[in-house]
Amino acid sequence: MPPSKSAPGDIAITRAETRYIIADTPDRAPTVTIFRGQDCRDKDGNSVSERMLHGVRTWGNDPAGDTVFAVAAYENLSRTSDRLNAVLPPVLVITREEWRSPLVDLLCEEMIRDEDGQAAVLDRLVDLLLTSALKAWASRPDTASAPDWKSDGDPVVTRALKLLYAEPARPWTIESLSDRCHVSRATLARRFREVVGEPPITFLTNHRMALAADLLQHRGQTLATIAAQVGYTDPFAFSVAFKRNRGSSPSDFRAAAAGG
């Protein structure tokens, strides 16, 4: 992957599961590797997590260094973000010149505070910042594979998506969905496929299974309860559909998500 350059005030977004190197210059060799769970190791494998900690949420090799990054990460992504993750470039850089937001400075100010409830504040700020940045990216005229929520300004597809997102458990058919969108079945099918890339009912199935995958990571709900929430009255039919879509049974998926 070719290097991407960032200037002060720019935002860089990387996809989940992508390995990347951050350096002040392109020819700088990495000295620290950060593994899952914020496990930081030097090139000899020694832990440097505590040694390189400088105050509240500040970490690095020099507390007075010239190069400073504000870094945020999602360790557990919702499965409903899979569609967006698939169309994002490996590294997305949004420059300060093309998009300015007060959220960047606000996040930097809040990160160094040590107050009750600060983690919740930072979580919401990161959500807002990411959403705003992705909105700016999707609005670029050169964004070829925008996520489905852009809808290319098509009011019929926009309405169809809103209905499917709002009521995923409803027993939708192409007939009932086209009626709610006030167009013919053929018109809805054609326009939906052109914009989203797949038929409406296929999109609905994929969205239901993504929702189910998220719900399966919470032990408090039975398979029957989860099945009902994503539009299946029969838990067996739900299990068959989930395995066909995700490659494993709901029980196996839940066990793997729990680490065993």
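Rundown of residues vs (1) of a type in the set (Gly, Ala, Ser); (2) in a loop (DSSP other than H, G, I, E, B); (3) modelled with pLDDT of 75 or more, yes/no style:
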| residue | (1), (2), (3) |
| --- | --- |
| Pro3 | no, yes, no |
| Tyr20 | no, yes, yes |
| Ala29 | yes, yes, yes |
| Gly37 | yes, no, no |
| Arg51 | no, yes, yes |
| Ala70 | yes, yes, yes |
| Asp82 | no, no, no |
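So which residues in segment 238-260 are more than 12 Å from Met209 (Cβ to Cβ) and either open to solvent by less than 60 Å² (accessible area, probe 1.4 Å) or in contact (Cβ under 8 Å) with a residue 60 or more places away in the chain (or both)?
Going through segment 238-260, the residues more than 12 Å from Met209 (Cβ to Cβ) turn out to be 249, 251-252, 254-260.
Scanning segment 238-260 gives Ser249, Arg254, Ala255, Ala257.
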If we keep only residues of segment 130-172 that are part of a helix (DSSP H, G or I), among the small types (Gly, Ala, Ser) and open to solvent by 20 Å² or more (accessible area, probe 1.4 Å), then the residue modelled with the highest pLDDT is Ala166
Taking segment 173-208 and keeping residues among the hydrophobic types (A, V, I, L, M, F, W, C) and open to solvent by less than 60 Å² (accessible area, probe 1.4 Å) leaves Ile174, Leu177, Cys181, Val183, Leu188, Ala189, Phe192, Val195, Val196, Phe203, Leu204
Output for Cβ contacts, cut-off 6 Å, separation at least six or different chains, first residue within 13 Å of Ala210 (Cα to Cα) and free of Cβ contacts under 8 Å to residues at least 40 places away in the same chain in segment 222-237, second of a type in the set (Phe, Trp, Tyr) and crowded, with 16+ Cβ neighbours inside 10 Å, reads Ala227/Phe238
Over segment 94-104, the set of residues open to solvent by less than 30 Å² (accessible area, probe 1.4 Å) and touching an Asp or Glu at 6+ places or on another chain (Cβ under 9 Å) is Ile94
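The values are calculated or read from the model by the stated rules, or taken from the named source; none is laboratory data. What you see is a predicted model, and the numbers here were worked out from it, not measured in a lab. No Cβ is skipped: glycine too gets one built from the backbone with ideal geometry, and neighbour counts run over all protein chains shown. All accessible areas refer to the heavy atoms of the entire protein, side chains included, with ligands and DNA or RNA removed. Shrake-Rupley method; radii C 1.70, N 1.55, O 1.52, S 1.80 Å.
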